Structures are given as C-alpha cells and as structure tokens.
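Presented below is the structure to which this report refers.
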Amino acid sequence: MPAQAAIFSDGNPAFETGEGFKGKVLSKFAAEGSPLLSGLLIGEKYLQNKAAALEVEFGKGCIVLFGFCPQWRAQSFGTFRMVFNAVLF
C-alpha cells in the first residue's frame, strides 16, 4: 500500500485505541485538515487522527477491522489490496 490512499466511507466507524490495546493501527485519518477528496463531509473533526483500520489480537490469531468499505463498487481501487492482504494474512 502507498503511504496515502483514498477510501470510500458512508457512515462507517472510526476507531480509537485505548490503554491496553493489543494490535496494530493499519491506517488512520490525518491529524488535521479535511480528509475529503470528493462528495460531502460533515464532522471531519470526528475523524481526525482516528484509526480507519485495525489489526486486533484475538486468542491465537487476529481480526482485521475496516472502518470503511475497501471492496465498495469500483470506488478507490487502491483499497482492494487491503481486502486481499487481510485474506492472505
């Protein structure tokens, strides 16, 4: 994945990691400014510096959580890699 990628989000969650979090932040929204590339965005301050994807330890394995739609109908082709990487992981 490149250092920055466009994602499609429509009412999806943004994650915050708390104390004792076991896992990795795979992607996050910028700490300042608007992440909007096109469309409409209300409340960008609620996304700033929040995680968009996490890898969370669970038992002997892990769970990959996406707070956006990496597979969404021809939007943001670059995020398909995240789906395939999660499957192959």
Inset, instruction - Could you tell me which residue of the range 21-40 is farthest from Cys62 (Cα to Cα), considering only residues that are in contact with a strand residue (DSSP E or B) (Cβ under 7 Å, 6 or more places away or on another chain) and surrounded by 14 or more Cβ atoms within 10 Å (Cβ to Cβ)? - result: Phe29
Inset, instruction - Being surrounded by 13 or more Cβ atoms within 10 Å (Cβ to Cβ) and free of Cβ contacts under 8 Å to residues at least 12 places away in the same chain is the filter here, so list the residues in the range 42-61 that pass it. - result: Glu44
Inset, instruction - All but one of (1) in contact with a helix residue (DSSP H, G or I) (Cβ under 9 Å, 6 or more places away or on another chain); (2) of a type in the set (A, V, I, L, M, F, W, C); (3) exposed (fewer than 14 other Cβ atoms within 10 Å of the Cβ) hold for Ile7, so report the exception by its number. - result: (3)
Inset, instruction - Examine the range 22-29 for a residue that is free of Cβ contacts under 8 Å to residues at least 12 places away in the same chain and of a type outside the set (A, V, I, L, M), and state whether such a residue exists. - result: no
Inset, instruction - Would you be able to tell me the number of residues in the range 10-20 that are surrounded by 12 or more Cβ atoms within 10 Å (Cβ to Cβ) and without any contact (Cβ under 8 Å) to a residue 12 or more places away in the chain? - result: 0
Inset, instruction - Determine if the range 9-16 includes at least one residue that is among the aliphatic types (A, V, I, L, M) and at pLDDT 85 or above. - result: yes
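The values are calculated or read from the model by the stated rules, or taken from the named source; none is laboratory data. For clarity, every value in this text was computed on a predicted model and none was experimentally measured. Because the Cβ atoms are built from the backbone with ideal geometry, glycine has one as well, and the counts that use them run over all protein chains shown.
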